[in-house]
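Here is the structure we will look at, set down as structure tokens.
The values are calculated or read from the model by the stated rules, or taken from the named source; none is laboratory data. Predicted model only: the values in this text are computed from it and were never measured. Using ideal geometry, Cβ is built from the backbone for each residue, glycine included, and neighbour counts are taken over all protein chains shown.
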Amino acid sequence: MLKRADATGSYGEHERAMVEYRRAGEERAFALGNRGPIRYNADGTLADEIVDAYWEHGFYVFEDVIATEELADIERDVVEILERAPTEPNGTTDRRGRPALAADGKGGGMAMVRPLKDPIGGTAHNNGRHPAKMIEPPTPDDAPEWILQVVGGSLQFSDAALRLYAHPDLLRVAEAFNGADFSPFNEVIWIKQPGLGGSVAWHQDGTTHWDTPKFHRGSHGFNFMAQLYGCTSANGLWVVPGSHLERADIRSWCEDAGSDRLPDAVPMLCKPGDVGITNRQAVHGSFANTSDEWRVTINFGFHPRASVVGARGNGIHARGSEKIIYDEARVQERSKVLGYAIEARRQRFPDETPYDYAPQAGESFGWDDAVRASLRGYNNLDLGI
């Protein structure tokens, strides 16, 4: 396991208040009944009780999805990414003076944050969808100035993340909620370092379809969140159950609560190898990681194709996309990475039955060093709505 970063100091009144908040949230989370292994009906469709619980609460925890061998692959890649990360925003070298990962500008990105801070809450960033700032605990005296928190376009930096992207059971879940012609979205790795990881202010991801005829309970798709080490109420995502059905007034919610501790929110509690799924319309966020435990989340999402084709990009997940109307050709081009991922997974796990992605029926994909190199910059075609 990754070693804990050095961090000392008192986190004061906020941390004391969080102790009871976490305890109560954990009780509410386990009472929801929205967790368990991926299961299927007799006809091979996703189990009805899973589907019902997801649509009721807006999220679900799939238990024991990723085997130990695959977790080890993921960990090796994450350690290497941390070793090769820049030491500051737009930095060109890692901590050993070598060229930093993605510093060549060809694709992907390393998002740095100041320890324990909330860089976007209460600002206009991300189309203003984070309207209230989170409480920021005091920064330890020996903390670095910047830490890596998000690895963008992660499939070009981690073969293990690419292979997980093609996990057949997860893709069957994607089909159950978004249809067999589901569309790719965006892939990142979230790294919440112990005693240092910053917060993410409460928000709803979707920005495009709230006030359109296309709006429905799943019109903005979902994110999978695969957990390398598991996640707790201290370092994990929190979700407001049932909040995916309409646009929320998050600023008023926080004002009514008198803090960033929304009273109805619950933590997404996972063991290593569990995979959460969260509706992108659900109100969610995470607090600064004042705990002693790492959270490493392999994050990737999918949309209903009907929500993407004909929609204008939201400008958040790919530069310049706010000027673009997504058409079928762009969706097909962006989907190629899934074809490569399915083949890469087949090579690594030859005894597993690969997922058959309907929009790529009749196409063939290879996986080798040349294909790997071609993925640089694939995320410039991300489909954000």
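Considering the conditions (1) within 19 Å of PHE157 (Cβ to Cβ); (2) in contact (Cβ under 8 Å) with a residue 40 or more places away in the chain, ALA370 is excluded by exactly one of them, (2).
Those helices (runs of 4 or more DSSP H) of the range 34-143 in which 2 or more residues are in contact with a strand residue (DSSP E or B) (Cβ under 7 Å, 6 or more places away or on another chain) occupy 48-57, 68-84. Just one residue in the set GLU343, GLU328, GLU333 is more than 19 Å from ASN186 (Cα to Cα) and among the acidic types (Asp, Glu); that residue is GLU343.
Within the range 309-345, if we keep just the residues that are farther than 13 Å from GLN360 by Cβ and among the aliphatic types (A, V, I, L, M), the residue that is surrounded by the fewest Cβ atoms within 10 Å (Cβ to Cβ) turns out to be ALA329.
Considered as a group, the residues in the range 177-198 that are assigned to a strand (DSSP E or B) and more than 16 Å from THR290 (Cβ to Cβ) include one that is farthest from the chain's Cα centre (by Cα), and that residue is SER183.
Screening ASP73 against (1) among the acidic types (Asp, Glu); (2) within 21 Å of the chain's Cα centre (by Cα); (3) modelled with pLDDT under 95 leaves a single unmet condition, (3). Within the range 146-159, identify whether any single residue is more than 20 Å from the chain's Cα centre (by Cα) and surrounded by fewer than 16 Cβ atoms within 10 Å (Cβ to Cβ), and answer yes or no. No, because not a single residue in the range 146-159 is more than 20 Å from the chain's Cα centre (by Cα) and surrounded by fewer than 16 Cβ atoms within 10 Å (Cβ to Cβ). Picking from residues in the range 346-385 that are hydroxyl-bearing (Ser, Thr, Tyr) and buried (at least 16 other Cβ atoms within 10 Å of the Cβ), the one that is farthest from GLY310 (Cα to Cα) is TYR355. Residues that are in a loop (DSSP other than H, G, I, E, B) and of a type in the set (S, T, N, Q) within the range 144-159 comprise just one, SER158.
If I ask for residues that are farther than 21 Å from THR208 by Cβ and either of a type outside the set (Gly, Ala, Ser) or touching a helix residue (DSSP H, G or I) at 6+ places or on another chain (Cβ under 9 Å) (or both), which ones from the range 271-289 would you list?
Selection gives LYS271, PRO272, GLY273, ASP274, VAL275, PHE287, ALA288, ASN289.
Just name the residue that is surrounded by the fewest Cβ atoms within 10 Å (Cβ to Cβ) out of those in the range 100-113 that are over 30 Å from GLU26 (Cβ atoms) and either hydrophobic (A, V, I, L, M, F, W, C) or at pLDDT 95 or above (or both). Only one residue tops the list, namely ALA103. Only residues that are within 28 Å of PRO140 (Cβ to Cβ) and either in contact with a helix residue (DSSP H, G or I) (Cβ under 7 Å, 6 or more places away or on another chain) or touching a residue at least 40 places away in the same chain (Cβ under 8 Å) (or both) were counted in the range 247-270, giving 10. Within the range 249-295, track down each residue that is over 19 Å from GLU187 (Cβ atoms), of a type in the set (Lys, Arg) and assigned to a loop (DSSP other than H, G, I, E, B). Within the range 249-295, ARG261, LYS271 qualify. Sub-9 Å Cβ pairs linking a first residue in the range 65-79 that is over 12 Å from ARG163 (Cβ atoms) to a second residue that is among the acidic types (Asp, Glu) and outside any helix (DSSP H, G or I), at least 6 apart or interchain, are VAL65/ASP274, ordered by first then second residue.
I'd like to know if the range 82-97 contains one or more residues that are touching a Ser or Thr at 6+ places or on another chain (Cβ under 6 Å) and surrounded by 16 or more Cβ atoms within 10 Å (Cβ to Cβ). No: the range 82-97 contains no residue that is touching a Ser or Thr at 6+ places or on another chain (Cβ under 6 Å) and surrounded by 16 or more Cβ atoms within 10 Å (Cβ to Cβ). Could you count how many residues in the range 212-236 are part of a loop (DSSP other than H, G, I, E, B), at negative phi and touching a residue at least 24 places away in the same chain (Cβ under 8 Å)? Within the range 212-236, residues that are part of a loop (DSSP other than H, G, I, E, B), at negative phi and touching a residue at least 24 places away in the same chain (Cβ under 8 Å) number 12.
Just one of GLY230, GLY273 is under 22 Å from ARG163 (Cβ atoms), among the small types (Gly, Ala, Ser), in contact with a Ser or Thr (Cβ under 9 Å, 6 or more places away or on another chain) and surrounded by fewer than 21 Cβ atoms within 10 Å (Cβ to Cβ); which is it?
Among GLY230, GLY273, only GLY273 is under 22 Å from ARG163 (Cβ atoms), among the small types (Gly, Ala, Ser), in contact with a Ser or Thr (Cβ under 9 Å, 6 or more places away or on another chain) and surrounded by fewer than 21 Cβ atoms within 10 Å (Cβ to Cβ).
Among residues that are of a type in the set (Lys, Arg) and either closer than 30 Å to GLU75 by Cβ or modelled with pLDDT of 95 or more (or both), ARG334 is included.
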